[in-house]
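The values are calculated or read from the model by the stated rules, or taken from the named source; none is laboratory data. Source: prediction; values computed, not measured. Note that we place each Cβ from the backbone using ideal geometry, even for glycine, and neighbour counts take in every protein chain shown. In case anyone asks, the SASA skips ligands and DNA or RNA and just uses the protein heavy atoms, side chains included. Shrake-Rupley method; radii C 1.70, N 1.55, O 1.52, S 1.80 Å.
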Amino acid sequence: MHNPRCRFLIIFIQLVSIISFCHYVIGIRGEDNNTSAVKVDVGIILDLETEVGKVMHISILLALVDYHANTNRGAIRIVPHIRDSKKDNVEAASAAIYLLKDVQVQAIFGPQMSTQTDFVIDLGNRVKVPIISPATSPLLTVEENPFFIRGALPSSSQTKAIAAIVKNYNWREVVVIYEESPYGTGILPYLTDALLEINTLVSYRSGISPSANDDQILRELYKLKTMQTRVFIVHLQENLASRLFLKAKEAGMMNSGYAWIITDVLTSLLDLVDTSVIESSMQGVLGVKSYVPRSNELDMFTKRWRKRFRQEYPDMDQVELNVFGLWAYDSITLFAEAVEKVGTTGIPKLKKPDTRENLTDLDALGTSEVGSLLIDSMQNTELKPGLSGDFHIVDRELQPSPYQIVNIIGKGEKIVGFWTEKDGISHKLKMNGKTAKTNNKQLGVIIWPGESTIVPRGWEIPTSGKKLRVGVPDGLEQFIKVERDPTTQAVIATGFVPDVFKEVILSLPYAVPYEFIPFPIAHSPTSKNYDDLVHKITSKEYDAVVGDVTILASRSEKNAWIFLKPLKAELWIATGAFFVFIGFVVWVLEHRVNKDFRGPKRKQVGMIFWFSFSTLVFAHKEKITSNLSRFVLIVWVFVVLVLTSSYTASLTSMLTVLMLSKYCRKYIMVGPTYKAAGFGFAFPKGSPLVPDVSRAVLKVIEGETMNNIIQKWFGNETNCLKQDGMAIASSLTLDSFKGLFLIAGVSAGSSLLLFFVIFLYQNREILATDDSIGKKLCAIAKVFDLKRDDSNSMSKKPSEGNESLTATVFAESDASIELSPNLPLQSPEIGISDGLGESRASEGFSTTETGNPVHETMSGTIEER
């Protein structure tokens, strides 16, 4: 070892190693002197003051190390230029401008905050440089930004998984607690829509400012505590969430009966939350986060990552690798592969504008000549397998992976299930990401807040002392009677319905304080009715309505106009309209050939109404001569038959329910009766009380208590009450007869159309004249108003020696009667004789010349039209 030559060799080897290491490190940090490799500059903008920023920083450095370690990729060297945005939007914008203007980077990774990313994306669109950002706000859309690639899952992708948890436990209302920032508000419309799809309402949205102090948070929590909803979805970042749960514990909202669900960002970064907060204030919370499959590569990378983190940040407590670090690693690896696909030739710098006059700093940035190629190479690609799993980019958006559902217990979390878009909730998941073939679609055992294993109901009666406001109709003493205590003025409701309601409330598994509020109902047209009572619920004046709302409300409103009840108003209107329409059609078809449909105008109008309405009782005595009219009436009479039969049946049912309410002892119902049918109370739509009250109603009705109440208030009329609850006839609607009206309308309309076609064809000479349209219409109307004689006119002459008669046809034409406005009217003539020298004035027409158009003139006596 004392040989000088050996000592020199050792020193030389160490020196070469040091130089090689320095050269390697300089290259990684952006200072590369390798002139043979193509240099690609990429900007990195991170919040290095945050733990998440530091996690992604280490992951990016290791991604470049792994890329350059591949000997086949020595032709390209990606040089990172890292800038700290310092949690400030202006710093992030300044860093982006510097990287684009001075460094002329070909792509930018970051920023990580949505508010910072918004401006940087605009810069990327302007200079055509890809912006790969892990920002999760769905307000940043790839559709509106052609050079934006999202390197993380948007917060909207988890909303269906959260909705599936809510549906799994039948929670009907939730409260959303969100951060008042683009990060927090972006999820709200997507979460609301996902919950509405499962018929769950967001009863309240609680926005908390990132700058809110502890007192403000506590006041907001006490406000939430006074509401009845006990399911909370928390969408906050880790620092604000830690303070929220500490104050929730202080407000007594982490006890049994409460349910808390946290979103994926907070669940994924749970290791950044102080352990004391988790142990004291977050026990029993459910969370969702992206599923990262375990692999040997991930385990090896995690060890390397921890070592490198201690080297870069020796003064910090150890931070664990999370999914954002894995997404950053996969994003940089995918970008490096895209650069390799574009080519290994020299990557050009940004192209500057041709003129520099009157240019702003943004205009002077220029545009990238390779950015479009990089975007095309990355917008639909897949890194399989990536460290985070299947890192699949479709249309520049990272595709969702399965979600883990975890339960916070002790210092950490326990996996209780999974959710996928295809299969929904499942207890286990195969390693390939597909749901295991199992019948178990439920989550595992969950420890809820308060160390309870009982699933929270999701709501409670508010702790503010507010009572359930129950509206009761005042006026139907047989079933409900409302009085006021003369001393205390308290409302006292007695009767069959209030007793049932009281028993239902007592049957609930929890106490529900309530108070009755009287609602007067009188039997007059202008007084308030049951509709007004029920509308008090929708206006939130009442929380519930107790009365004979379902069983007896419609019956109490029956009066002298009960005959109108069997048909809905729209059906009455449609029927009346069709009566008039059919009468008009028949009049048109019979007017020219039937003397019963002629005469003065008032007579003809009356005939239209009389004839159609007389078909209702089949009492029309007018003779029908037209085949088209007969066809129309055949169809219409069938429609009338169905309508009258249905009306009679419906009215009979209503009257029967009414001849039973008064004289029920004289009748008996044969067959089984069902006490549960037709009984209920009114609650707002979506009220969490409905399921429990429904079960309690069934319990009361099926038990002996119901018989006791019936016996108490109705005595021997028990069976009558049961019968009343069974048959409540409903009015017939127009929908039930649409087919019939369609058939009648088509038959009448087609007959009318056929008549007019034949009529116009027979009078085509009038239409062929050169007169104006008005004159033609007047001529057509005059012809239509004339009576058409289809019988052969005969002339009778006595014959000597026998009683036979010789008939001579004087005038007959197969063509219709025509009036030509262009030809002079003939003088009145008597064209038909009876052989005795007397004219038949009623015939009134003559044929002046055989073979010529018939020009008809009126005789002295004109028939009434």
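Within region 235-271, can you find the residues that are open to solvent by 10 Å² or more (accessible area, probe 1.4 Å), of a type outside the set (S, T, N, Q) and free of Cβ contacts under 8 Å to residues at least 40 places away in the same chain? Answer for region 235-271, where residues must be open to solvent by 10 Å² or more (accessible area, probe 1.4 Å), of a type outside the set (S, T, N, Q) and free of Cβ contacts under 8 Å to residues at least 40 places away in the same chain: GLU238, ARG243, LEU246, LYS247, LYS249, GLU250, GLY252. Pull up region 106-115, narrow it to residues that are among the small types (Gly, Ala, Ser) and at negative phi, then point me to the one that is surrounded by the most Cβ atoms within 10 Å (Cβ to Cβ). Checked region 106-115; the qualifying residue surrounded by the most Cβ atoms within 10 Å (Cβ to Cβ) is ALA107.
Taking region 747-761 as the range and being open to solvent by less than 80 Å² (accessible area, probe 1.4 Å) and either at pLDDT below 85 or of a type in the set (Phe, Trp, Tyr) (or both) as the test, the residues that pass are PHE755, PHE759. Taken over region 82-107, the criterion of being assigned to a helix (DSSP H, G or I) and touching a Pro at 6+ places or on another chain (Cβ under 6 Å) is satisfied by ALA92 alone. Listed by first and then second residue, the pairs linking a residue in region 145-158 that is closer than 18 Å to LEU195 by Cβ to a residue that is among the polar types (S, T, N, Q), with Cβ atoms under 8 Å apart and 6 or more places separating them unless they lie on different chains, are PRO154/THR136; PRO154/SER137; SER155/THR136; SER155/SER137; SER155/THR263; GLN158/THR263.
Within region 590-607, being surrounded by fewer than 20 Cβ atoms within 10 Å (Cβ to Cβ) and assigned to a helix (DSSP H, G or I) holds for LYS595, ASP596, LYS601, ARG602, LYS603, GLN604, VAL605, GLY606. Going residue by residue through region 97-112, is there one that turns out to be among the charged types (D, E, K, R) and more than 25 Å from ASP395 (Cα to Cα)? Yes; the residues of region 97-112 include at least one that is among the charged types (D, E, K, R) and more than 25 Å from ASP395 (Cα to Cα).
Note on region 350-378: among residues that are open to solvent by 20 Å² or more (accessible area, probe 1.4 Å), touching a Pro at 6+ places or on another chain (Cβ under 9 Å) and in a loop (DSSP other than H, G, I, E, B), the one that is modelled with the highest pLDDT is GLU369. Scanning region 412-436 for residues that are modelled with pLDDT of 90 or more and among the charged types (D, E, K, R) turns up GLU413, LYS414.
Each row is one residue, and each column tells you yes or no for (1) at pLDDT 80 or above; (2) within 39 Å of the chain's Cα centre (by Cα).
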position: LYS568; (1), (2): yes, yes
position: THR575; (1), (2): yes, yes
position: VAL580; (1), (2): yes, no
position: VAL585; (1), (2): yes, no
position: VAL605; (1), (2): yes, no
position: SER612; (1), (2): no, no
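The condition of being farther than 20 Å from SER452 by Cβ, among the acidic types (Asp, Glu), free of Cβ contacts under 8 Å to residues at least 24 places away in the same chain and open to solvent by 10 Å² or more (accessible area, probe 1.4 Å) holds for only one of ASP274, ASP215, that being ASP215. Contact map, region 382-402: first residue acidic (Asp, Glu), second residue open to solvent by less than 30 Å² (accessible area, probe 1.4 Å) and not in a strand (DSSP E or B), Cβ cut-off under 6 Å, separation 6 or more or different chains; pairs are GLU397/VAL142.
Residue count for region 412-422 under the criterion of being open to solvent by 60 Å² or more (accessible area, probe 1.4 Å), without any contact (Cβ under 8 Å) to a residue 40 or more places away in the chain and over 15 Å from SER268 (Cα atoms): the result is 1. Take the conditions closer than 18 Å to LEU742 by Cβ and either surrounded by fewer than 18 Cβ atoms within 10 Å (Cβ to Cβ) or of a type in the set (Ser, Thr, Tyr) (or both) and apply them to VAL642. Does it pass? Yes; evaluated as a whole, the condition is true for this residue. Across region 46-85, the qualifying residues are those that are open to solvent by less than 10 Å² (accessible area, probe 1.4 Å) and without any contact (Cβ under 8 Å) to a residue 60 or more places away in the chain, and the one among them that is farthest from LYS303 (Cα to Cα) is SER85. Looking only at residues of region 90-105 that are open to solvent by less than 10 Å² (accessible area, probe 1.4 Å) and in contact with a helix residue (DSSP H, G or I) (Cβ under 7 Å, 6 or more places away or on another chain), we find that the one that is farthest from VAL38 (Cα to Cα) is ALA92. When region 491-511 is limited to residues that are farther than 16 Å from THR705 by Cβ and in contact (Cβ under 8 Å) with a residue 24 or more places away in the chain, the one that is least open to solvent (accessible area, probe 1.4 Å) turns out to be ALA493.
Residues that are touching a helix residue (DSSP H, G or I) at 6+ places or on another chain (Cβ under 8 Å) and within 18 Å of ASN594 (Cβ to Cβ) were ranked within region 762-790; the one that is least open to solvent (accessible area, probe 1.4 Å) is VAL783. The single condition among (1) touching a helix residue (DSSP H, G or I) at 6+ places or on another chain (Cβ under 9 Å); (2) modelled with pLDDT of 95 or more that LEU272 does not satisfy is (2).
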